[in-house]
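All of the numbers you see were taken from the coordinates with simple rules; none came from a lab. From a predicted model like this one, the values you see are computed outputs, not experimental measurements. When we count neighbours, we look across all protein chains shown, and the Cβ atoms used for this are built from the backbone with ideal geometry, even at glycine.
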Amino acid sequence: MMLASARSDMTAESIPSVQSLAFTPNLSVGFMPAFRHQGSGEVRLCQFSDGSISTIHVLDFLPEDWVMERDAEGRPLALVGAIEAGFLRGADFWSLGDLLHPRLDS
């Protein structure tokens, strides 16, 4: 899986639009960017270098064995094939495909 890599020194304050992102529909209903290992089922929330939860998908701070390729400075460039991007909402992981056909809350 190839995804754009965020800089490892990125913080919430370093993204100019992070304040406006706090009120986007996906975050207001509890969707948080995350990755899941399809083999183990382990889910990791995306986070910034300061430990705060990211509002975007970033590859930094994922487990070492989830990273397939790094650049010359050590930043992740690609993830192993078993990793999928999605969102965590409560205890449920939603893949990007799940968002195309969402389950309705009852």
Revision key, fill the gap. Once Lys and Arg are counted +1 and Asp and Glu -1 for all other residues with Cβ under 11 Å from that of His37, the total becomes -1
Check your understanding: Once the Cβ-Cβ distance between Leu77 and Arg103 is put in as r, and R0 is 25 Å, what FRET efficiency do you end up with, to the nearest 0.05?
Key -> 0.15
Revision key, fill the gap. Where a ≥ b ≥ c are root eigenvalues of the Cα gyration tensor, a/c under 1.5 meaning rounded, otherwise prolate if a/b exceeds b/c and oblate otherwise, the range 23-100 counts as oblate
Check your understanding: By how many nm would the segment from Arg44 to Phe61 grow when fully extended, if each residue of separation counts as 0.36 nm and the alpha-carbon distance is taken off?
Key -> 5.2 nm
Check your understanding: To the nearest Å, what is the center-to-center distance of the range 33-47 and the range 57-95, using C-alpha atoms only?
Key -> 7
Review point. Among 34-45, 91-102, 51-62, how do they line up from the highest to the lowest mean number of other beta-carbon atoms within 10 Å?
Key: 51-62, 34-45, 91-102
